[in-house]
Amino acid sequence: MTPDSLRAALGGVPDPDWLDTALRRVTTEPTAITRLFPAVGRRCGRAALPDAPGWTADDAARVLLLTSLPGEHAEYAERLYQHGDAAERRAVLRALSLLPIGAAGVPLLHDAIRTNDTRLVAAALGPYARHLDPAAWRQAVLKCVFSGVPLAAVADLDTRADGELAAMLAALAAERHAAGRDLPADATDLLHRLTAALPREA
């Protein structure tokens, strides 16, 4: 999603005037975002957005606030994440790929992946996860399998998954099998695809 598409999807929020004013305000008074960010859920609602599948009104509005900042995006993202509740943290994670911050937001991904909040784990594995190094990314994918996050939430899964991830999934599958349990269906499917793609030994 782009800021323009999110703005269009937010056309039916309960208080559009508040959102318009808030977006204009952060462009000239960036510090105002620390007060506006927590108020979004109350002002814009938390309903799912029909024109933005997988997005809620509060997620989208908070992302727009962050992208409207004139600068210091990484600093504000970190501050809002560290002081935010789960919904606010999720919005920060979803905004990272739309902010001009390079890899500065990677520590926030690591923090989110360590949590037991599946919403944060899923948000951390979105498009910005391209900045995770391969080892950290593989561990994050395993965290999804362990915690029940659908692998459909993992951006670039088919292009980044490799033989090492296949070996890790195979080891986990063996452990689960020994305990009388199975991998989730999406993880099993991924393992089968990766195994089929590996070169066969002579």
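The values are calculated or read from the model by the stated rules, or taken from the named source; none is laboratory data. Source: prediction; values computed, not measured. As a convention, Cβ positions derive from the backbone with ideal geometry for all residues, glycine included, and neighbour counts pool all protein chains shown. SASA here: full protein model, heavy atoms, side chains in, ligands and nucleic acids out. Shrake-Rupley method; radii C 1.70, N 1.55, O 1.52, S 1.80 Å.
Brief remarks on what is shown
- Selection within segment 153-168 - among the acidic types (Asp, Glu) and under 28 Å from residue 90 (Cα atoms): 156, 158, 162
- Odd one out for residue 176 among (1) modelled with pLDDT under 95; (2) loosely packed, with under 14 Cβ neighbours inside 10 Å: (2)
- Helices (runs of 4 or more DSSP H) contained entirely in segment 1-115, each with at least 3 residues that are within 30 Å of residue 146 (Cα to Cα), open to solvent by 60 Å² or more (accessible area, probe 1.4 Å) and not hydrophobic (A, V, I, L, M, F, W, C): 73-83, 106-114
- Residue in segment 29-40 that is touching a helix residue (DSSP H, G or I) at 6+ places or on another chain (Cβ under 9 Å) and basic (Lys, Arg) present: no
- Residue satisfying all of: in segment 116-141; outside any helix (DSSP H, G or I) and open to solvent by 20 Å² or more (accessible area, probe 1.4 Å); nearest to residue 163 (Cα to Cα) among these: 133
- Hits in segment 142-173 - residues which are farther than 15 Å from residue 189 by Cα, surrounded by 13 or more Cβ atoms within 10 Å (Cβ to Cβ) and touching a Pro at 6+ places or on another chain (Cβ under 8 Å): 155, 156, 160
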